[in-house]
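What follows is a set of notes on a single structure, which appears directly below.
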Amino acid sequence: MNSSDRPGEPSFIQEGAARFHVGNAFFRPQTRVVRDLGVLMAALHRQQTGRLRVLDAMAGCGVRSLRYWQESGADWLWVNDGNPDIHPTLNANLRSMLQAGRGQVTQEEANRVFFTCHLKKDYYDLVDVDGFGAATPHLSTCLWATAIGGLIYLTSTDGRTATGHLPTQSLRSYAAYARSHPAAHEQGLRLLLGSLQQQAAARNLGIRPLFSLFTGETYRVMVRLLPKPMLTDQTYGFLGYCHGCGEYQTLSWRRLGRVSCPACDRPPTLTGPLWLGSLHDPATLTTLIDLADQWQWSDRAHLLRLMAAEATMPPYFYLLGDIGKQGQMDIPKRSHLIQALQTQGYRATPTHIHAEAIKTDASLAICVAIARSITRPLPSSD
Ligand SMILES: [Zn+2]
């Protein structure tokens, strides 16, 4: 953060190419990674299609819009925020964009903006919806404003609901019952994707998740709107977790009547329906990694490579701490366990969602057995 603190003058913040005031708007420097990936994806879309019209529906201080304009090469931006108190800051930050005739700033409730786009058949290449709390008030309506083939970048910060602590609230938000378990933050991304996929399918449309990001408090999904439904009974179903032995399973609708844990035969707790397909699109990630390398964004390229590795893995992960506890041993080292699993013929990777976890197609029992062969047992208590 750079400041130009002279007495009586507000200080500037610099992020990427954008120089701006925060004023009384909400801004978290820690979520820069979310904005960086959005800017990168927008720039890729501009390169691939030759155009980029952006709708920033909840712009806040305007940092994302500024960066889409300056770094992604947006041709036109509709920058909106419903909160009248921040408009002096927003207008001041976007002055040069407005003077260049490259966009407009409005003060409307976001859903009115989406319906205006629909009425005027004015569809956007990127619709950025950065709301606070659950995404659901804007989850179906943002589809009205998005071009077919265009991008939607959707936020949820409602972690308590998504991780299974408020199952009734999750029914209301996502029409899905969410339960708590070790991989519940991934579930947060999948509930969001599932709900968006279902809303799109109800309009005979579909979405392809390009990347899905969890940062510790924020769930952000970047999807492409497609002209045909992508929801099937294979990609939209249930996640089972056994509180007895810790094993996961995915369940299709037809198997709901005969659910038991494959390892210990107990009935698992079920979350769903949610998105069981891929969290990320490997082909898009490959081109994003190339662009991040070109821009010398090595941290972002590293994150994107992590996403690419986990893209086709099962829709859950195991915590290293749980593996250690079950095997009554020290917590295994992540890289050693991944290598040992791969040596035994299993697929295994880290996950961007949790630093102390792995994704693999091996069962938890196999992870414990393999970890035991490479990790010191805990000293006996007698
Ligand atoms: Zn079990």
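Where a number appears in this text, it was derived from the coordinates with a stated rule and is not lab data. Only a predicted model underlies this, so the values are computations on that prediction, with no experimental measurement involved. Cβ coordinates were reconstructed from backbone atoms using ideal geometry, including for glycine residues, and neighbour counts include every protein chain displayed.
Annotations
- Difference of contour (0.36 nm per residue) and Cα-Cα distance, Arg28 to Arg51: 5.4 nm
- Karplus 3J(HN,Hα) series, Hz, for the range 108-117 with 6.51 cos²θ - 1.76 cosθ + 1.60 (x for Gly, Pro): 10, 5, 4, 5, 5, 5, 4, 5, 4, 4
- In terms of its C-alpha gyration tensor, the range 223-382 has an oblate overall shape, because the principal axis ratio a/c (a ≥ b ≥ c, square roots of the eigenvalues) is not below 1.5 and a/b does not outweigh b/c.
- Modelled this way, with points 7 Å down the Cα-to-C-beta line, the labels at Gln342 and Asn83 are 4.5 nm from one another.
- 3J(HN,Hα) along the range 187-199, derived from phi through the Karplus expression 6.51 cos²θ - 1.76 cosθ + 1.60 where θ = phi - 60°, amounts to 4, x, 5, 6, 5, 5, 5, x, 5, 5, 4, 5, 5 Hz, with x in place of Gly and Pro.
- Largest GNM mean-square fluctuation among Arg255, Arg35, Arg372, using the chain with Cα springs under 10 Å: Arg255.
- Residues of the range 68-86 with amide N under 20 Å of the 7 Å Cα→Cβ point at Trp295: 68-79
- Taking 0.36 nm per residue of separation and subtracting the Cα-Cα distance, full extension of the segment from Thr250 to Ser373 would add 41.5 nm.
- Span from the the range 211-233 Cα centroid across to the the range 78-146 one, whole angstrom: 20 Å
- When the chain is treated as a GNM with alpha-carbon contacts under 10 Å, the residue of Phe26, Phe211, Phe317 showing the greatest mean-square fluctuation is Phe26.
- R0 of 51 Å, Cβ-Cβ distance Ala100-Lys325: FRET efficiency to nearest 0.05: 0.30
- Cross-link partners of Lys359 among lysines (Cα-Cα below 17 Å; sequence separation of 8 or more within a chain): Lys333
- Put simply, the amide H of His243, placed in the peptide plane, has neighbours under 5 Å in Thr269, leaving out anything fewer than 5 places away on its chain.
- Label-point separation, Thr312 to Ala355 (7 Å along Cα→Cβ), nm: 3.0 nm
- Calculated FRET efficiency for the pair Arg334/Lys228, C-beta based, R₀ 35 Å, to 0.05: 0.30
- Rounded to whole numbers, the Karplus 3J(HN,Hα) couplings from phi for the range 289-306 are 5, 4, 5, 4, 5, 4, 7, 6, 9, 5, 4, 6, 4, 4, 4, 5, 5, 4 Hz, using 6.51 cos²θ - 1.76 cosθ + 1.60 with θ = phi - 60°, and x at Gly and Pro.
- Residue of Thr155, Thr287, Thr136 that the Gaussian network model of the chain assigns the largest fluctuation, springs spanning Cα pairs under 10 Å: Thr287
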